[in-house]
Amino acid sequence: MAGNLFFCTECGYESRGWLGKCPACGVWNSFAEAPQQEKEKKQKKNSRSSGAWLDLAADDVLDLAEVDAREVTKIETGISELDLVLGGGLVPGSLILLGGEPGVGKSTLLLQILNQLEEQKPGSVLYVSGEESPGQIKLRADRLGIPAQQVKLLASTDLADFARAVEKLKPEFCLIDSIQTLYSADLTSAPGSASQLREVTAALLRLAKAENICMIIAGHVTKDGQIAGPRILEHMVDTVLYFEGEKDSYYRLLRAHKNRFGSVDELGIFDLDDKGLHSLANPSAQLLAGRPQDVPGTALTVGLEGSRPMVMEIQALVSPSNYQQALRMTEGFERNRLSLLLALLAHSTEVNLALHDVYLNVTGGLRLRERSADLAVVAAALSSLERKALPQNLIILGELGLAGELRRVPDLDKRVMEALKLGFRRFIVPSQSESMLAKLKLKENPEFFYASLLSEAIDWMFP
């Protein structure tokens, strides 16, 4: 047995002998002997000498100067938020991985993409389902209002069946739900295992490039938020999209974690109901709907998600701590950054929250990664502590330095214009931005308060 090739059925680790415990993933009794076909391939690969590679054709080597560098043609899906995140649309010959928790709406989004593409190019889409029966897909299509004659459906989990369907139908787009169910009969490991995911994804990538097909594959995420299977999937595909959203929330967020054809900073926001997913044309207004008025502990700022400015509400709850070490809990904001801002507040204004628990939340399931919300976070915490509501129609913008100074915010003009569209007329901004804002010549005649230090801004907010 020492000369035979074995592999782990969980992670694909290979060994020349059988092992009781996998050194890579730590699973016991997971090793199986590789099928004969795999062993022959391995032997051929190892038997190649350096001279065997000398038959490389001269046409296989390209001169970079002769490569056609025309801009890649992108095909709009008709779903505005999806096109925004993709950077303009789908690219022929690309492989897109759509990740998300079970039940978040991946299958619904795939069917809506199919419907939009079929209206543009009838007969161009192949839908492959390994998780749902044709009857289940028909019920969802009826609920979404998708005509049944537009759906070319393959209910199979065998990679060979999929390859034959592609050869016969010649589709321009393939939607696969999901990558964990698709398997290759050449491997003995179970569908969804690391070795199957690696080989199947590699085969799909080769097929997409060879036939110039745009493929979108759905993938489940694990409890820690990662796409199930090895991280190698994210390196193999062209684009990685994550579909997020709480099950009790109407909103779904679409983010690009990798995109070879566009930016990874854009955010798509959808509204979910029984008729499917709907792009939000004005996310700021939707996210602020139902916001309480004259309530302590809330502050408004304008964040940037890629090229899109959005008015966001920050909520804070400050209460005396029952523990020796006060709690710092955040949702949508970096906890270490909150601790730094509270320490800065104690140093600059002598307002010490060391004996208070602080809970911070960015409403709507959004995440604030930029520093422009520093002053708004401090304002919300102070408002909760003092039990005083901030002035109405007030937008707070400013990054805080360690000396307590307010620093300039990038793209402040975009943020101000977005807030003005929603009717906000009062702003607290860093004093360095005064000359830039004066050039805008705004017709709404907003009121700006220019602050240089944190203490100045606090004195104006809480007179």
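The values are calculated or read from the model by the stated rules, or taken from the named source; none is laboratory data. No experiment lies behind these values; they were computed from the predicted model shown. Methodologically, a virtual Cβ is constructed for each residue, glycine included, from the backbone with ideal geometry; neighbour enumeration extends over all protein chains shown. Keep in mind that these areas ignore ligands, DNA and RNA; they rest on the heavy atoms of the full protein, side chains included. Shrake-Rupley method; radii C 1.70, N 1.55, O 1.52, S 1.80 Å.
Structure notes:
- Full extension of the chain between Q392 and A281 gives 37.5 nm of extra length, using 0.36 nm per residue less the Cα-Cα distance.
- Shown is the FRET efficiency for L442 and Q293, computed with R0 = 30 Å from the Cβ-Cβ distance and rounded to the nearest 0.05: 0.75.
- Estimated FRET transfer efficiency (L355, E434; beta-carbon r; R0 45 Å; 0.05): 0.75
- Each Lys or Arg adds one and each Asp or Glu takes one away; over the other residues whose Cβ falls under 15 Å from the Cβ of L406, this sums to -3.
- The fraction of Cα-Cα pairs per 5 angstrom bin, counted from 0 for segment 84-169, comes to 3, 12, 22, 26, 23, 13, 2 percent, rounded to whole percents.
- Charge dipole of segment 115-206 (Cα centre as origin; +1 on each Lys and Arg Cβ, -1 on each Asp and Glu Cβ, all else neutral): 160 debye, rounded to the nearest 20.
- Modelled FRET efficiency - R0 60 Å, L62 with K414, Cβ distances, 0.05 increments: 0.90
- Stretchable slack from A185 to S133, in nm (0.36 nm times residue separation minus alpha-carbon distance): 16.6 nm
- Mean residue ellipticity (222 nm) of the chain, computed from DSSP H runs ≥ 4 via -39,500 (n - 2.57), nearest 500: -9000 deg cm²/dmol
- Of the trypsin sites (Lys or Arg not before Pro) found in segment 143-224, the ones in coil according to DSSP and having at most 15 other Cβ atoms within 10 Å of their Cβ are K223.
- Of all accessible heavy-atom area on segment 369-463, the percent that carbon and sulfur account for (1.4 Å): 47 percent
- Segment 305-463: Rg to Rh, with Rh as the Kirkwood radius over Cα pairs: 0.96
- Of the Cα atoms belonging to segment 243-341, the radius of gyration and Dmax stand at 16.6, 51 Å.
- The convex hull of the Cα atoms of the chain, projected and averaged over all directions, covers 30.3 nm².
- Spacing of the two label points (7 Å from each Cα toward its C-beta) at K121 and S263, in nm: 2.7 nm
- The chain, relative contact order [Cα under 8 Å, separation at least 6], %: 12 percent
- Accessible area (Å², per residue) of the chain, counting only protein heavy atoms and a probe of 1.4 Å: 50 Å²
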